[in-house]
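This report refers to the structure that appears directly beneath it.
The values are calculated or read from the model by the stated rules, or taken from the named source; none is laboratory data. Being a predicted model, the structure only gives us computed values, none of them experimental. For neighbour counting, all protein chains shown are included, and Cβ atoms are generated from backbone atoms with ideal geometry for every residue, glycine included. These accessible areas exclude ligands, DNA and RNA; they are computed on the full protein's heavy atoms, side chains included. Shrake-Rupley method; radii C 1.70, N 1.55, O 1.52, S 1.80 Å.
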Amino acid sequence: MLSNEELEKEFQAKIDAEIKIEPKDWMPEAYRKTLIRQISQHAHSEVVGMLPEGNWITRAPSLRSKVILLAKVQDEAGHGLYLYSAAETLGVDREDLIEELHTGKAKYSSIFNYPTLTWADIGAIGWLVDGAAIANQVMLCRTSYGPYARAMVRICKEESFHQRQGYEIMLKMAKGTPEQKQMAQDALNRWWWPSLMMFGPPDDKSIHSAQSLKWKIKRQTNDELRQEFIDKTVKQAEYLGLTIPDPHLKWNEERQHYDFGPINWEEFYQVINGNGPCNRQRLKARIKAHEEGAWVREAAIAYAEKKQAKKTAA
Amino acid sequence: MNKKDWPLWEIFIRSKNGLNHKHVGSLHAADAQMAIENARDVYCRRNEGVSIWVVLSSQIVASDPDEADALYEPAKNKIYRHPTFYEIPKEVGHM
């Protein structure tokens, strides 16, 4: 029998050699716990993320945009399910994870606590929020835990459609009437900073980062991903003829990156801790859906049992 | 686990005829028929499959990774099972 210390050494050697960890492999308890926390919160984010967009399904401006939005929201549900499925390979039950979301013990991405006020917000979410999510998720395709990495590969294949449809909405509005363009600018103004916050606190304030990098759960730091996202997005905003709401945004020739202004982390922590514009509304909607669906879940089980009993009797 | 929770099913999809069914993930469903229908919605939204297998996760029996060394040991020292073990003169050509 190997000691815990030896097992941990072997485990780290596997990680260093880029060998993926699979569900039945030995892993340190803290690695398992970190993954359960991260994957389940990622899953919750996909599920809660359906709410701000679902808000516009009945009011989409055309049949074309309505079917697209429906497909996108359905994808988010699917992404939540891929992730719950990956989390369950670590020995947790779906019901317990959902319970943690509903009691507030588990968090979800703070971005979904902002409201979607106009149709342009649907464009901005696809372009910026999904754009930021993609940067993070492309990195996670190489995460050290096999089932998580595989779920991410699936998700990334589908996310590209999300970002493109968002940008298309922005493009239509930015090239539309002055009022439409103003609406697009207003959406950019409101979603820009929260999108940058999606990458999490700066590296020197991020409590989980160092260990996650060592275990290769994360492959890049929050600040690296944020910079990558900004560098990519500035050009896209320029093409739209819209202005990113940051007076400090400037190309830095020496760094070969854009410099940007300070992020309001106080706002970030306020929203994470339940004081964003829509926190209560989002959780209420999730709990309501879960509770009102309980009889359906019970009826389906009862029906399955009845069918099984009939089969056994026959 | 609450008795009223839907059990977990492992999902296998054949992406096109000629290829194997491949494990893609899992989902919860009350029975096998519902597992197939849910698998279509969760794993086949973009024509990813032409055939779906569903198996109760509790029915899967897996080998123990801790015993992998012993389990695969018999194959490890039989290099003569590989074609590269044999030297064939160049003049003979591809074989």
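Descriptive notes on the structure:
- Listed here are the helices (runs of 4 or more DSSP H) enclosed by the stretch A:74-176 that have at least 3 residues being away from chain B (no Cβ under 14 Å), farther than 30 Å from residue B:60 by Cα and in contact with a Pro (Cβ under 8 Å, 6 or more places away or on another chain), and there are none.
- Any hit, the stretch A:233-254, residues being open to solvent by 90 Å² or more (accessible area, probe 1.4 Å), in a loop (DSSP other than H, G, I, E, B) and farther than 19 Å from residue A:191 by Cα: yes
- Residues of the stretch B:2-21 satisfying the condition of being not in a strand (DSSP E or B) and not basic (Lys, Arg): B:2, B:5, B:6, B:7, B:15, B:17, B:18, B:19, B:20
- Within the stretch B:51-72, restricting attention to residues that are open to solvent by less than 90 Å² (accessible area, probe 1.4 Å) and farther than 14 Å from residue B:27 by Cα, the residue that is farthest from the other protein chains (Cβ to nearest Cβ) is B:51.
- From A:190, A:219, A:164, A:226, residue being at pLDDT 95 or above and open to solvent by less than 20 Å² (accessible area, probe 1.4 Å): A:226
- Yes/no for residue A:185 being in contact with an Asp or Glu (Cβ under 6 Å, 6 or more places away or on another chain) and surrounded by fewer than 23 Cβ atoms within 10 Å (Cβ to Cβ): no
- Candidate set from the stretch A:286-314 (those that are assigned to a helix (DSSP H, G or I), more than 14 Å from chain B (Cβ to nearest Cβ) and without any contact (Cβ under 8 Å) to a residue 40 or more places away in the chain); member that is least open to solvent (accessible area, probe 1.4 Å): A:289
- Meets criteria (away from every other protein chain (no Cβ under 12 Å), surrounded by fewer than 16 Cβ atoms within 10 Å (Cβ to Cβ) and under 20 Å from residue A:169 (Cβ atoms)) for residue A:66: yes
- In the stretch A:195-211, the residues that are touching a residue at least 60 places away in the same chain (Cβ under 8 Å), assigned to a loop (DSSP other than H, G, I, E, B) and more than 12 Å from residue A:224 (Cα to Cα): A:198, A:208
- On inspection, residue A:283 qualifies as open to solvent by less than 100 Å² (accessible area, probe 1.4 Å), at pLDDT 95 or above, more than 23 Å from residue A:186 (Cβ to Cβ) and of a type outside the set (Ser, Thr, Tyr).
- Selection within the stretch B:1-29 - touching a residue at least 24 places away in the same chain (Cβ under 8 Å) and open to solvent by 80 Å² or more (accessible area, probe 1.4 Å): B:16, B:17
- Residue within the stretch B:30-39 that is closer than 23 Å to residue A:88 by Cα, surrounded by 10 or more Cβ atoms within 10 Å (Cβ to Cβ), in contact with a Pro (Cβ under 8 Å, 6 or more places away or on another chain) and more than 10 Å from chain A (Cβ to nearest Cβ) present: no
- All positions within the stretch A:94-135 that are free of Cβ contacts under 8 Å to residues at least 60 places away in the same chain and farther than 22 Å from residue A:155 by Cβ: A:95, A:96, A:99, A:103, A:105
- Residue count for the stretch A:37-63, restricted to those that are open to solvent by 30 Å² or more (accessible area, probe 1.4 Å), assigned to a helix (DSSP H, G or I) and touching a residue at least 60 places away in the same chain (Cβ under 8 Å): 5
- Verdict on residue B:43 being more than 30 Å from residue A:1 (Cα to Cα) and crowded, with 17+ Cβ neighbours inside 10 Å: yes
- Members of the stretch A:83-129 found to be open to solvent by 10 Å² or more (accessible area, probe 1.4 Å) and among the charged types (D, E, K, R), listed by number: A:88, A:93, A:94, A:95, A:96, A:99, A:100, A:105, A:107
- Residue within the stretch A:29-44 that is β-branched (Val, Ile, Thr), closer than 19 Å to residue A:142 by Cα and away from chain B (no Cβ under 14 Å) present: yes
- Residue in the stretch A:261-278 that is part of a helix (DSSP H, G or I) and either in contact with a strand residue (DSSP E or B) (Cβ under 7 Å, 6 or more places away or on another chain) or among the hydroxyl-bearing types (Ser, Thr, Tyr) (or both) present: yes
- For residue A:158, the conditions (1) at pLDDT 95 or above; (2) crowded, with 17+ Cβ neighbours inside 10 Å; (3) touching a helix residue (DSSP H, G or I) at 6+ places or on another chain (Cβ under 6 Å) all hold with the exception of (1).
- Candidates B:55, B:61, B:42, B:24, filtered to the one that is among the hydrophobic types (A, V, I, L, M, F, W, C), in a loop (DSSP other than H, G, I, E, B), closer than 30 Å to residue A:306 by Cα and at pLDDT 95 or above: B:61
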